[in-house]
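Data block below; observations after.
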Amino acid sequence: MTKPTDSSKGGKGMQVALAYEDAKEMAESKDNEVRLSLASRKDIQPEILYYLADDDDANVRQAIASNELTPKQADLLLAKDNDSKVRMELAEKIGKLAPDLDQKTQRKAHDFVVKTLEILVEDQQDKVREIISESVKELDTIPVSIVRTLASDDVDSVATPVLQSSPILTDEDLLKIIWDGVRGSRLKAISRRSNLGEKITDAIVETNDHDAIASMLDNQSAQIREETLDQLVEQAPGIQVWHEPLVKRPKLSPLSLKRLAGFVAETLLENLLDRPDMDPEVSTAIGLEVRKRMEVDNVLEENVSSEDEKAVEAEVEKLYKSGKLTEDRITTRLHCGDREFAIQALARVADLPSLVARRMVLSRAAKTVVALVWKAGFSMELANIVQLRLAGIPPQQSIKADENGEVPISDKELDWQVTLYIDDAE
């Protein structure tokens, strides 16, 4: 064997280059480990790598498949290898090469990479096709035929990456896929695409696939006609998965906003009222709708006898007149579970009818409950306790104090919340 040539020029840790005759002798070795070590090297002549692409040992072929110096002709051969692990290694490498597959790529090399991709996207092993789909999903230099093949794959994990992200798929491609009956996670993938046009969003709505439509509504870049949104709001009362994305959807018509207020959960009503595009007139109308729902839903669910209520009122009045109806006292009684005392106390200090205070608490709307405590002149510390212990508002939905420990809502908005309930009681 010829003495190896040191190509490192004295560099520490650099691999010593092999002479061609030495490499050829190692490639013909009967020792699998010798051939495997050769297949992983970065200084081997292309013909040696091509020779090893047909090695009997699958581990050697895997090393050749992952070697970036392997000639494209060998990649094409390995794309048809009978060992799936070899093909997966190749798919990983080809996926990394795909971004460079543009007009500057040498024509011959370009053709070999494309031919290899065409074989791999038809591979019987799902994982091989998944690797290719993930690698090319955002590229615009891949032949459209390859992307269409992946998009029409029967396996969701193969089809969804390109359906959601590929810039090569046109509206016509997407419409055809939808009209051909695609549903489930593949339709959801389409609904999550950036900047969906109105033709596509209308087609998604026509499928009546509730989950896909919910994803489309949640996609803020999707262009949805106002008429289509109105139609969805009409259908939405019994389709809960649409409620939150509809509440957060921009450019809803005033009519749709009012309709949403009639059926979405109380936790979403506050989101509806907090919309930046909310017109004051529409906001007032929604407030009226909220009050109607309070009557229909019989939110006055506290079963307090008139005698007990009068007794609590008398106790509260006595404490108030003696200056002992303090925040600390209300906090203590709340920690003891005395809800009725807290309601009556807040009503008295805020100078509100107890009916108004009760309704504000039972609205379970964080902003409304905070407004009640604010009206009584108490701190955000008590407001937090009232939200959690009296109104039963989940911690993640409660309103927290600002960095100064104050109410993070304007006085005007808080006063409006109180007025809304006072007007209803008159």
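The values are calculated or read from the model by the stated rules, or taken from the named source; none is laboratory data. Just so we're clear, the structure is a prediction, and the values are computed from it rather than from any experiment. Here Cβ is always computed from backbone atoms with ideal geometry, including for glycine, and neighbour counts include all displayed protein chains.
Confirm whether E270 is modelled with pLDDT under 90, acidic (D, E) and either out of contact with any strand residue (DSSP E or B) (no Cβ under 9 Å at 6 or more places or on another chain) or part of a helix (DSSP H, G or I) (or both).
Spelling it out, E270 is indeed modelled with pLDDT under 90, acidic (D, E) and either out of contact with any strand residue (DSSP E or B) (no Cβ under 9 Å at 6 or more places or on another chain) or part of a helix (DSSP H, G or I) (or both).
Residues are listed down the side, and each one gets a yes or a no for (1) at pLDDT 90 or above; (2) among the β-branched types (V, I, T); (3) farther than 23 Å from E198 by Cβ:
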| position | (1), (2), (3) |
| --- | --- |
| K127 | yes, no, yes |
| E130 | yes, no, yes |
| S133 | yes, no, yes |
| I142 | no, yes, yes |
| L150 | yes, no, yes |
| D156 | yes, no, yes |
| P161 | yes, no, yes |
| S165 | yes, no, no |
| D180 | yes, no, no |
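Look at the range 78-96 and say how many of its residues are more than 31 Å from the chain's Cα centre (by Cα), under 19 Å from I142 (Cα atoms) and charged (D, E, K, R).
Total satisfying the criteria: 0.
Among the aliphatic types (A, V, I, L, M), out of contact with any Gly (no Cβ under 9 Å at 6 or more places or on another chain), assigned by TED's automatic domain parsing to the domain that holds S221 and crowded, with 21+ Cβ neighbours inside 10 Å, is that true of L196?
In short, yes.
Can you pull out the residues in the range 248-267 that are surrounded by fewer than 17 Cβ atoms within 10 Å (Cβ to Cβ) and modelled with pLDDT of 80 or more?
Within the range 248-267, K248, P250, K251, S253, P254, L255, F263 meet the criteria.
Across the range 140-192, which residue is surrounded by the fewest Cβ atoms within 10 Å (Cβ to Cβ) among those that are among the basic types (K, R) and within 18 Å of R129 (Cα to Cα)?
Taking the candidates together, the pick is R148.
Out of T141, T149, I need the residue that is part of a helix (DSSP H, G or I), under 38 Å from the mean Cα position of the chain (by Cα) and either more than 22 Å from E33 (Cβ to Cβ) or without any contact (Cβ under 8 Å) to a residue 12 or more places away in the chain (or both). Which one? It would help to see each step written out before you state the result.
Working: T141 fails: part of a helix (DSSP H, G or I).
Being part of a helix (DSSP H, G or I), under 38 Å from the mean Cα position of the chain (by Cα) and either more than 22 Å from E33 (Cβ to Cβ) or without any contact (Cβ under 8 Å) to a residue 12 or more places away in the chain (or both) holds for just one of T141, T149, which is T149.
Could you please tell me which pairs satisfy a Cβ distance under 8 Å, a separation of 6+ or placement on different chains, a first residue in the range 184-202 that is over 18 Å from I168 (Cβ atoms), and a second residue that is of a type in the set (K, R)?
E198/R225; T201/R225; D202/R225
Pairs only if they're at least six apart or on different chains, beta carbon under 7 angstrom, first in the range 398-414 and not assigned by TED's automatic domain parsing to the domain that holds F378 and among the polar types (S, T, N, Q), second surrounded by 13 or more Cβ atoms within 10 Å (Cβ to Cβ) and outside any loop (DSSP other than H, G, I, E, B); list them, first residue then second.
If the second residue must be surrounded by 13 or more Cβ atoms within 10 Å (Cβ to Cβ) and outside any loop (DSSP other than H, G, I, E, B), no pairs are left.
Pairs needed: first member in the range 55-79, within 19 Å of I119 (Cα to Cα) and in contact (Cβ under 8 Å) with a residue 40 or more places away in the chain; second member anywhere, part of a helix (DSSP H, G or I) and aromatic (F, W, Y); C-beta distance under 7 Å; at least 6 residues apart or different chains.
Note: pairs meeting the criteria are K72/F112; D75/F112; L76/F112.
For I286, all conditions in the list (1) assigned to a helix (DSSP H, G or I); (2) modelled with pLDDT under 80; (3) surrounded by fewer than 17 Cβ atoms within 10 Å (Cβ to Cβ) hold save one; what is the number of the exception?
Looking at each condition in turn, I286 falls short on (3).
Taking the condition of being more than 21 Å from the chain's Cα centre (by Cα), in a helix (DSSP H, G or I) and in contact (Cβ under 8 Å) with a residue 12 or more places away in the chain, how many residues in the range 237-252 meet it?
1
Residues to consider are L352, L346, L382, L390; find the one that is modelled with pLDDT under 90 and over 32 Å from the mean Cα position of the chain (by Cα).
Step by step, each of L352, L346, L382, L390 is checked, and only L390 is modelled with pLDDT under 90 and over 32 Å from the mean Cα position of the chain (by Cα).
Go through the range 373-393 and report how many residues are assigned to a loop (DSSP other than H, G, I, E, B) and surrounded by fewer than 19 Cβ atoms within 10 Å (Cβ to Cβ).
Of the residues in that region, 3 qualify.
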